[in-house]
Every structure is written in C-alpha cells, then in structure tokens.
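The values are calculated or read from the model by the stated rules, or taken from the named source; none is laboratory data. Because the structure is predicted, anything quoted here is derived from the model rather than measured. A quick note on method: Cβ atoms are made from the backbone with ideal geometry, for glycine too, and the neighbour counts reach across all protein chains shown.
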Amino acid sequence: MHTLTLAQQLQKLEAKEFSSLELTQHYLERIKRLDGELNSFITTTEELALAQAKAADSKRAAGDSAPLLGVPIAHKDIFCTDGVLTSCGSKMLSNFKAPYNATVVENYLNAGAVTLGKTNMDEFAMGSSNETSYFGKVLNPWARDCVPGGSSGGSAACVAARLAPAATATDTGGSIRQPAALCGITGIKPTYGRVSRWGMIAFASSLDQGGVMAQTAEDCALMLSTMASYDSKDSTSIDKEVPDYSAGLNASLDGLRIGVPEEYFGEGLDPGTEQAVQDAIKVYQSLGAEIVSITLPHTELAVPAYYVIAPAECSANLSRFDGVRYGYRCENPQDLEDLYKRSRGEAFGEEVKRRILVGTYALSAGYYDAYYRKAQQVRRLMKQDFEQAFAKVDLILGPTSPSPAFPFGSKTDDPVAMYLEDIYTIATNLAGLPGMSLPCGLVDGKPVGLQLIGNYFDEARMLGAAHRFQQATDFHSLAPAGIE
Amino acid sequence: MQWETVIGLEVHVQLNTNTKIFSGSSIAFGAEPNTQASLVDLAMPGTLPVANEEAFRKAVMFGLAIDAEIGKESVFERKNYFYPDLPKGYQTTQLDKPIVIGGHVDIQVGEATKRVRIHHAHLEEDAGKSLHEDFHGMSGIDLNRAGTPLIEIVTEPDIRSADEAVAFARKLHALVSSLGICDGEMSQGSMRFDVNISVRPMGEDKLGTRTETKNLNSFRFMERCIEQEVERQIEVIEDGGSITQETRLYNGDTHTAKSMRSKEEANDYRYFPCPDLLPVHIDDDYIEQVRKLLPELPAARKARFEEQYGLSAYDAELLSDSAVSAQFFEAATAKSGDAKLSANWLMGEVSARLNAEEISLSEAPINAEQLGELILRIKDGTISSKIAKTVFDALWKGEGDVDLIIEAKGLKQVSDSGALEKIVDEVINNNAAQVENYRAADDDKKPKMLGFFVGQCMKASKGQANPQQLNKILKEKLA
C-alpha cells in the first residue's frame, strides 16, 4: 500500500479495495518498525489516527466524499495540534501541548485526512540539515550517514521512506525545497499569503510559508488544494479564490517559456547536480517548452539579506518564549532576570541563540539603517529582478540546492557553509514567490532536486510543469533501498 | 533667578472598543484575572494579530476633533522588551507612521485661550498587570488588560505650569468623553499621564534637561507631581548641580517620586515594522465617513450654551466641557424650564456634593429629571429655596422623588394667609416691646427692623412660610 501515491490510495479507498483503517494501521506499523533509526517523527498519534481512520471509513460508507477522506498524513511539528505535543523541535516547547489547531491542521481534518503524527525538524525551523533538533537528527533514507536537509527534514524523510504518503512542511528560506531535493521527493512552497500562518509557530513572519511534500506533483496538487485558504485570523493571508490545483495538471507545455538564470549555474554548484539539471532542461525542451536564458542580477545578495531579515524577525518572534506562561522554565529561578536568562539559556539550542543574537544586533540603535533597512532595500531589488524575469518567461528553472545530501557534521562548525545550502531557494522567500523541488536524478546514489519558481499565485502552472516532467521521467518513483 | 517650566505630556487613552485591538477578547474592566485573555492575548505560539477597525475609527475621530492630519498609511511596529505582563516580549505600537499627525487642543488660562500643539497620537496595545500581593512571595500576572487599545497622545513642550497641565488634561478628558471614544474613568486607568518636565532660566531658548514621570492617573497627582518636580529641579540647579535625564515614578500614596532608571539604563527597544500586520491605508472617503460620526464637540457646545440658554462664558465653559455634565444640564433645564437656576444648582450644590464624596457626575445618586423637578417646585412656590436644600439632601440620600419628599416631610411652603396671619399675630403679641420700638422708629430704619419679625415668624413656621406673603402681612399688621 505504501508504494502507492496518495492519489492512487484515494482511488483505492474510493473503490473499497482497502479501508482507511487498514491503510493507517499499515503506516503506523511501518513507522514503529522503521522510524526508530530514521527518527523522522517526534510524536506518533496512534490512538488519534486509528479513531480518525475509523471515522473516515464510516463516513465513506455513508457516502461522504471529502477530498482527502481516510488518507493518513503527517504534520511538521511546527503546526499546532490541539492536545498534542507541538515542540517545534525545541527543548523550549518539549512540554507544550497546543491548546488549539492551526488553520492548516483544521483544513486537513475537515478534508477527512488522518493524522499519523508530528515530524522532526530543525529547532524553530532554523537549519538546513535537521541537526539542530532537540529530538535528535533525522537520517536521510537514501544515505544514512547523510543529512535529510532542513528544516523540514522529518517530513521529507518520512515521505521518502514511505512512512506517510504526504506531509505538511514550512519554508522560510528553502526548508521545504532543499530537504525535498535531498530526500528525492516533491515539495511545494506556495506564494506568501496562500496558506494561513495561524497556528504555525513563527520563525520569520514575512518569509514563513506552509506547504506540502509528497512523492509526486499530482499528490502535491491534491494536498495544496486542501491546505490553501484565505484566513481572516492571519492578516497576511490573501483573499483570493483557491483553484483546483489538480484540474490543470495535464496542460500542454507547448510554448511554455522557461527561464534559466545564469546566476544559478556558477561557482559552488556540484557538477553532477548541474548535469542532472541540464538533462532536465532537455526533457522540458522535448516536451515543447522554450528555454530562455535570463539573469537575476541580485542573486548573490539573497543570502546576506536573508540572514539579516530572518534573524531580526526571529529575535522578536521568539521573545514570547520566556518561561512565564508555557514551555520550559528553569529550576528555582532566583528572580525575574534569572528566570528569563536561565529559561532561555537552557532551552534554546546554539543555532537559535546565534540567530537571536544576530537579529538583536541588526535591529539595535545605530545599526538598524546599516543592516535591517539595507536588507529590506535589497529585498525590493530581488523582487524587481523576478518581476523583470517574469515579464519574459512563465517559469524559472534551476537547481534546488548546490549539491546532494552531505554527511552529518560536515557543515555544523561552519554556519556560512550551511547558510549557502539555501543560496538558490532564499530569493523566492524574499520575493514571496512560489517554488517547488522535484527529483531529477541521482548522483552517487543520492537524489538531486530540480527547482521551479513560478509567478505570484501561479502554483497551478508550476504544478502542471512538474507533473508533465514526472509523466516523462521516473525519478519521482525511485525509492531508497532498505524501506521495501 | 526667574525660572520657566517647560512641560510636555504623553497621555495614554484607553479606547472603549468592544474588543481588544488585535484579538476578539472583551476589554471590560474588573473581570476575574485572565478571564478575558484569549490565545492571542496569552501570546500562544502560532497566534497572530488582526487589527480592530473600531480602534482605527476612534483614533481617526480623535484626530479630526483636534484638527490633525490623518496618517494615510498607518504602520504598526514592534517595541521589544521583556516584562512578564508583556506576553509577546514586544509591544505592538506605532512609531514613524502614526494614525494622527499634528493638531491642537485649546485651553483656558485665566482670561486667555492658549493653544497646546499635539505632535502626534498613535495606536498601540496596553500591557497586562503584574500583581505583587497574595502570591506567597511570587508575582501574579493578569492579562485581561493586555491588548486593550490605546491612543498615546504626545504634546509639543507647550505647557508652562502645573495649572496649564491640569487644564490641558481636563480638556482632553472632556474631549475624549464627548467623542465617546473613552469611558473617562481615571480611577480605572482609562487615562494615564506621563509628564516630561524641565526648567530653564526665564528668557532662555534652549530647553533644560528633562525628566519623565510616568503613569499618573489623576489630575491631582499630576498637579502635585509637577509642582514637586519643578521645585526639585530648581533646587538642584540653584545648588550648583545638574539634572539627570531619567524616568521617575510617582507614588500616589506617599506623594513622593523616585528615580526608576537613567538614560544610560534605558532600553534599546529595537523597533521594526511588525511583519504580521500589513500597513493600514486610510482614504479620504473613510475619513469623511468618520467625520459624519463626530458628535457636538465641547467648543461648539459652549457657544451654543451661551446663545441658546444665555449662560455666561464661564458657566457655559464649565457645563459644556464634558458630555455628561452637558447632558445633565440640558435635561434638568428641559424639566425645570429655567437654565440659570439649573446651571446654578449643578455648579453649586451638586458639584460641592460630588467633590465631597469624590465621585463623578455619572455616579451621582440623583438624576437630571429629579434636579429639574426640584427647581420646578421652587419656581411654582411649593417650597422655598432654603427648604429646597433639605429636599436636595433627601434626594441625594435616595429617599424618593421630590414631591414625595416634600409631602412626607411636610415641607410645603405656607402660603395660606389665614395661617400666616395667625403666626404673625402670635409673634406681635409675644414681642410687645419690639413692636413699640418699630412703630416709633423713623421710616428709613423700619426695613432693617422688620427683619427681626420675619425671623421670628420663619422660626415659628419652621421655615415654611412664604417669604413674600409673610412680609406683606407683617407690614400691614405693624403699620
């Protein structure tokens, strides 16, 4: 059952070839058996899942046809789930049971999906390797000595290892696309404002966006149609009708103009990765697309601008974790200052502390103009880069990350090397554009990701292009060894 | 040396919206701790703010009332600092792009009108409260107030004395009450003042170093605090010292202030635009719609009171100042048909009683109809002005309506000539010597001597004799 895609599972559930309970039990059994080593889940919600599965089966028997009725999925542990541990990968929230559901979680419940559990992640979504999680690192199912990518490493690994057909995730600088690339699956980060942030624990509010991961673009389309919604509880949510992303998947690519930015093929790009991407370009040409060379001149400023804006926002967003109302509190605080210092000092990991300090510095009196204001100016320039590009092309294509999965520990002592992992993905977050990653080859047995970037709210076209690519290739159906 | 005081005020005004500025919780005062704190107010992970349109509307009303410019693009910023009653670790406020820019409030200083310029007014959220009693050595946090919408009104340093500061504060209180954007309950913290004070030699242009005293919530505290601080600053300078820029805290119980923190210890608030809230754009149509909602403002009402009721400028100013007193006056006048008497009673007896009991007019135990009725009974001769005070006492104590009190206490004025003649006859019989003196006296001395007999008759009638009639009968009988 687990080798089926989510779309196929839905058909079989509809055809009563198996029940949601059987499917759910199958995944729970796999998680129990295989995840001890992979560590892709922080929490499995077995009882809840079984109850939801039974309810889904009765509903289907009664003629209900909710779009995801009975399909089990996993949620990144950044989404609040009522009554369930929502840790955000941090010691700070290692005792926090959310008192409410994120809008995204609510949307999936309403669509009839079953919750298998909560997936591992870099602490507060800060990291590109899943090594910063308080709950331990996640192994890459393709190469167990390598990272799965981050911050949504748990979601990516569990889908790659077929421990769930699909999972929710979030992307602030590449946290969906980079782990999707490193784990050989498909992931989409929609336009900023497309998915509600209510109940999604904030890292950098102006960049955070929820999205999904699955085996195929078709599954991502199904998942996104449920996830996306206008939400009056999120002021940055955009009141725009959500299309049926599955409807246009088979649209012809004849005459589609695909831009290839020259800046995405420079120094630092692994040759094997470059070759896989060049091969993908040929596939698109054979499908009728027109390849256009474009330029995004401010690309090299993306990482520095991001590492001012994201830490600045996180320095304020994480102030609420003060040991006063919920979460971790130090033993025997002597006074208020001691309570703050030790609670935060003991419960935040190194990377989180580094970013809070960087952000605090960037916003300080006397430095604001040099850092924060300047970074916002750069951000506008990046937007303009893309606007000019999209005047000429319909989609932009390039590598998702500079190289395939790297070994544990190889970049942990060099934050800048780690930050450069997101060199191709960060610009879309700064611009608020939708982006996705899909498998386009293997290098030394490790997956390579192809990145597509769409114009604002043009997810349907992007998903269609990804789907047509997957009709023409079979990289997406490759599975890592040892997961059956 | 002659010193000049320079004062600027920052006034926090709680807006009386139905719900908080960024969440759907109620803002009602006095609820059990933390019963009006939602997920957003508790700053639960993952929660987000949504701006309350009503708070914007009320802030725009204020801006229009003080003749200010309305910020077409209004931006919220995060002001970062840690405190247990600040759940998010930052206050959402406005800095560079506030909702109200400029404007002015005119105050009465003696005979002259003085203009106090407003620098700006911005929207922000209130913090919760820390409770330091009854928690076994720990502190409690009540987040009911957290997220209550405030406008912070910042004046230019145009104020020159404690009197002017109080006049400004009263005027502002009257204005926001009249606009119906604030309940005006100072004792509940609905209006709180931060006072920036400096002194400089008279004639000097350069401002002296200022101190800021925070969180004064009564006019009286503000007045005392300013007087003390001015005195302190002058003393320090005259003793050869200099003023330290600092934040001070005034203690209303001991009437003393002490330094809270100096400029060096001041927080770096690291303001930056709140990414969870988009800039709010306000167009001319919206502004014009709000303008139509503006009620009559105190200045216009004052002019109308002079014109319509023939009140003096002084009376009109006093009665038009707040919506509550204006309504009370107009309702009492409507009932009594006598504006002058209504004004006198309101500013005399009623006001004295309110001051004595330290309550506001809205808390008074009598209403405008009752006062009007009382005046009506004076005018129709049922009771004398003197007896009216007894009836007023009873009214205040809640002993019933005017007519009921007059009836029950037998206070009706005696106008019956038979009864009055009887009293007069008795007084004349009992005071033969005085009667003889009176009759023998010169005509020009008689009016003065008549007073004695009036007094005796009043005493005999327990004050209920109709004075005009009594005079007439006495004169006849003594002739």
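Details
- Among the residues of region B:84-136, the ones that are within 11 Å of chain A (Cβ to nearest Cβ) and not polar (S, T, N, Q) come to 8 in all.
- Restricting attention to region A:313-351, the residues that are over 32 Å from the mean Cα position of the chain (by Cα), within 18 Å of B:Asn80 (Cβ to Cβ) and away from chain B (no Cβ under 12 Å) add up to 0.
- Within region B:66-87, considering residues that are without any contact (Cβ under 8 Å) to a residue 60 or more places away in the chain and in a loop (DSSP other than H, G, I, E, B), the one farthest from the chain's Cα centre (by Cα): B:Phe82
- Cβ-Cβ under 8 Å pairs, at least 6 apart or on other chains, region B:255-273 side among the hydrophobic types (A, V, I, L, M, F, W, C) and assigned to a strand (DSSP E or B), far side surrounded by fewer than 18 Cβ atoms within 10 Å (Cβ to Cβ) and modelled with pLDDT under 90: B:Ala257/B:Asn251
- Top-ranked residue of region A:226-264 - restricted to ones that are under 20 Å from A:Gln471 (Cβ atoms) and crowded, with 16+ Cβ neighbours inside 10 Å, ranked as nearest to the other protein chains (Cβ to nearest Cβ): A:Tyr245
- Residue-level analysis places A:Gly193 among those that are within 29 Å of A:Asn317 (Cβ to Cβ) and buried (at least 22 other Cβ atoms within 10 Å of the Cβ).
- A:Ala113 farther than 25 Å from A:Gly449 by Cβ and buried (at least 22 other Cβ atoms within 10 Å of the Cβ): yes
- Test result for A:Gly323, assigned to a loop (DSSP other than H, G, I, E, B) and either under 30 Å from B:Pro84 (Cα atoms) or touching a strand residue (DSSP E or B) at 6+ places or on another chain (Cβ under 7 Å) (or both): yes
- Flag for A:Ala310 being under 30 Å from A:Lys383 (Cβ atoms), away from chain B (no Cβ under 14 Å) and out of contact with any His (no Cβ under 8 Å at 6 or more places or on another chain): no
- The single condition among (1) within 19 Å of A:Pro67 (Cα to Cα); (2) touching a Ser or Thr at 6+ places or on another chain (Cβ under 8 Å) that A:Asn101 does not meet is (1).
- Selected residue (only one of A:Ala66, A:Ala7, A:Ala53, A:Ala62 is under 29 Å from A:Ala247 (Cβ atoms), small (Gly, Ala, Ser) and exposed (fewer than 15 other Cβ atoms within 10 Å of the Cβ)): A:Ala62
- Test: residue in region B:193-207 that is farther than 28 Å from B:Gly30 by Cα, in a strand (DSSP E or B) and either within 13 Å of the chain's Cα centre (by Cα) or acidic (Asp, Glu) (or both): no
- Any hit, region A:331-347, residues being among the acidic types (Asp, Glu), in contact (Cβ under 8 Å) with a residue 40 or more places away in the chain and within 21 Å of A:Gly173 (Cβ to Cβ): no
- When residues of region A:157-171 are limited to those that are outside any helix (DSSP H, G or I) and more than 21 Å from A:Asn107 (Cα to Cα), the one nearest to the other protein chains (Cβ to nearest Cβ): A:Leu163
- Screening region B:12-54 for residues that are assigned to a loop (DSSP other than H, G, I, E, B) and of a type in the set (Ser, Thr, Tyr) and picking the one that is surrounded by the fewest Cβ atoms within 10 Å (Cβ to Cβ) gives B:Thr35.
- Filtered residues of region B:130-167 (kept if surrounded by fewer than 16 Cβ atoms within 10 Å (Cβ to Cβ) and in a strand (DSSP E or B)): B:Ser130, B:Leu131, B:Gly140
- Qualifying residue in region A:184-192 (condition: more than 14 Å from chain B (Cβ to nearest Cβ), more than 17 Å from B:Gly46 (Cβ to Cβ) and of a type in the set (S, T, N, Q)): yes
Rundown of residues vs (1) crowded, with 18+ Cβ neighbours inside 10 Å; (2) within 25 Å of A:Ala362 (Cα to Cα), yes/no style:
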{"site": "A:Asp270", "(1), (2)": "no, no"}
{"site": "A:Gln275", "(1), (2)": "no, no"}
{"site": "A:Lys282", "(1), (2)": "no, no"}
{"site": "A:Gly288", "(1), (2)": "no, no"}
{"site": "A:Ile294", "(1), (2)": "yes, no"}
{"site": "A:Glu300", "(1), (2)": "no, yes"}
{"site": "A:Pro304", "(1), (2)": "no, yes"}
{"site": "A:Tyr307", "(1), (2)": "yes, yes"}
{"site": "A:Pro311", "(1), (2)": "yes, yes"}
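- Once region A:354-408 is narrowed to residues that are closer than 27 Å to A:Ala465 by Cβ and among the basic types (Lys, Arg), the residue that is surrounded by the fewest Cβ atoms within 10 Å (Cβ to Cβ) is A:Lys392.
- Filter result for A:Glu37 (surrounded by fewer than 17 Cβ atoms within 10 Å (Cβ to Cβ) and free of Cβ contacts under 8 Å to residues at least 24 places away in the same chain): no
- Scanning region B:168-178 for residues that are under 28 Å from B:Phe22 (Cβ atoms) and surrounded by fewer than 22 Cβ atoms within 10 Å (Cβ to Cβ) gives a single hit, B:His173.
- Residues within region B:34-75 that are more than 8 Å from chain A (Cβ to nearest Cβ) and either among the aliphatic types (A, V, I, L, M) or closer than 29 Å to B:Leu297 by Cα (or both), tallied: 26
- Scanning region B:304-325 for residues that are touching a residue at least 60 places away in the same chain (Cβ under 8 Å) and surrounded by 21 or more Cβ atoms within 10 Å (Cβ to Cβ) yields a total of 3.
- Long-range neighbours under 8 Å by Cβ, at least six apart or interchain, first residue more than 10 Å from A:Gly70 (Cα to Cα) within region A:12-23, second of a type in the set (Gly, Ala, Ser): none
- Conditions (1) without any contact (Cβ under 8 Å) to a residue 40 or more places away in the chain; (2) within 21 Å of B:Asn251 (Cβ to Cβ); (3) of a type in the set (Lys, Arg); number of the one not met by B:Lys206: (2)
- Unmet requirement for B:Ala388, which otherwise passes all of (1) under 27 Å from B:Ser461 (Cα atoms); (2) assigned to a loop (DSSP other than H, G, I, E, B); (3) free of Cβ contacts under 8 Å to residues at least 60 places away in the same chain; (4) not charged (D, E, K, R): (2)
- Taken as a whole, the structure places A:Ser20 among residues that are surrounded by 24 or more Cβ atoms within 10 Å (Cβ to Cβ) and hydroxyl-bearing (Ser, Thr, Tyr).
- Consider region B:274-285 and keep the residues that are crowded, with 18+ Cβ neighbours inside 10 Å and assigned to a loop (DSSP other than H, G, I, E, B). The one that is farthest from the other protein chains (Cβ to nearest Cβ) is B:Ile282.
- Of the helices (runs of 4 or more DSSP H) lying entirely inside region A:365-463, the ones with 3 or more residues being charged (D, E, K, R) and at pLDDT 95 or above are found at A:374-390.
- Residue list for region A:256-291, filter: part of a helix (DSSP H, G or I) and in contact with a Lys or Arg (Cβ under 8 Å, 6 or more places away or on another chain): none
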